[in-house]
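Engineer: So that we are looking at the same thing, I have put the structure below in structure tokens.
Coordinate-derived values only; no laboratory data. Being a predicted model, the structure only gives us computed values, none of them experimental. Cβ sites come from the backbone with ideal geometry, for glycine too, and all protein chains shown count toward neighbours.
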Amino acid sequence: MNEQLFRHILVPTDGSENSIAAARVALRIARALSSKVTVLYVVDTTVLSEVVRYADHSPADTHQEFRRSGRQYLHYLERLAQEEGVLVQREIREGEPHEEIVATADGVGADLIVMGHVGRRGPRRILIGSVTERVLEFAHCPVLVVKTAGKEAGLLA
């Protein structure tokens, strides 16, 4: 039985240091296993609607700015992938991040999701919730959560 462990890895990003660190780990795994990689940015429509309420720009301009930022984050991950010798597919989706991450994983046939963890404590965690926790709850494949603390113990060096 010579079945590859992980054939397709999904890497969601929000542009944060934690999501970039997770992407670096995912790309190293992909290189080692010759896996496909899809990098994903989700325009969080709830956040977008709140920002639009207080923005000095039109809703269309604000929406385009969110998408532009997402393209920049994905382009950066694509450059990291090239450094690792890994080809990536880029996706931008809109909606609730955890729902779009799970739907994308299902849609591309990902058998592993690698994502960063943002530690929140207290009331803010309860009110906001954690995208990572929701993905862990609803994903149909394994989820590797990369926790970072400063320099990541050689994993990302």
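Engineer: So what's the back-of-envelope 222 nm ellipticity for the chain, counting only DSSP H runs of four-plus at -39500 (n - 2.57) apiece and dividing by all residues, rounded to 500?
Structural biologist: My calculation for the chain gives -16000 deg cm²/dmol from helical runs alone.
Engineer: Near the amide H of Lys36, under 5 Å away, which other amide H atoms are found, from residues 5 or more places off or on another chain, if H is placed in the peptide plane?
Structural biologist: His8, Ile9
Engineer: Oh, and also: I'd like the FRET efficiency for Gln4 and Arg134, computed as 1/(1 + (r/R0)^6) with the beta carbon distance as r and R0 of 25 Å, rounded to 0.05.
Structural biologist: Using R0 = 25 Å, I get an efficiency of 0.35.
Engineer: Give the calculated FRET efficiency between Arg67 and Glu17 to the nearest 0.05, with a Förster radius of 25 Å applied to their Cβ-Cβ distance.
Structural biologist: Working: r = 21 Å, r/R0 = 0.86.
So, using R0 = 25 Å, E works out to roughly 0.70.
Engineer: Which angle from 0 to 90°, rounded to the nearest 10, does the C-alpha axis of helix 45-54 make with the longest principal axis of the chain?
Structural biologist: It is inclined by approximately 30 degrees.
Engineer: Pull up the DSSP beta bridges for the range 1-125 and report the antiparallel fraction as a percent, rounded to 5. Display every interim value, and only then the final one.
Structural biologist: Numbers: 0 of 16 bridges.
The answer is about 0 percent antiparallel.
Engineer: Got a sec to turn the phi values of the range 6-22 into Karplus ³J(HN,Hα) couplings, 6.51 cos²θ - 1.76 cosθ + 1.60 with θ = phi - 60°, whole Hz, x for Gly and Pro?
Structural biologist: Couplings: 10, 8, 9, 10, 9, 10, x, 9, 10, x, 6, 4, 5, 6, 5, 4, 4 Hz.
Engineer: Right, next: If I take R0 = 35 Å and measure r between the Cβ atoms of Cys141 and Glu94 in this structure, what FRET efficiency does the formula 1/(1 + (r/R0)^6) give, to the nearest 0.05? Mind dumping the intermediate values first?
Structural biologist: Details: r = 22 Å, r/R0 = 0.64.
Plugging the Cβ-Cβ distance into 1/(1 + (r/R0)^6) gives 0.95.
Engineer: Which one, Ser69, Tyr41, Gly85, is farthest towards the positive end of the dipole of the chain when Lys and Arg carry +1 and Asp and Glu -1 on their Cβ?
Structural biologist: Comparing the listed Cα positions along the dipole, Gly85 ranks first.
Engineer: If the only charges are +1 at each Lys and Arg Cβ and -1 at each Asp and Glu Cβ, what is the size of the charge dipole of the chain around the Cα centre, to the nearest 20 debye?
Structural biologist: Values: 19 positive and 21 negative charges, 99 e Å.
Here the size comes out at about 480 debye.
Engineer: Between Val52 and Arg28, what is the label-point separation in nm under the 7 Å Cα-to-beta-carbon projection?
Structural biologist: Here the answer is 4.1 nm between the modelled labels.
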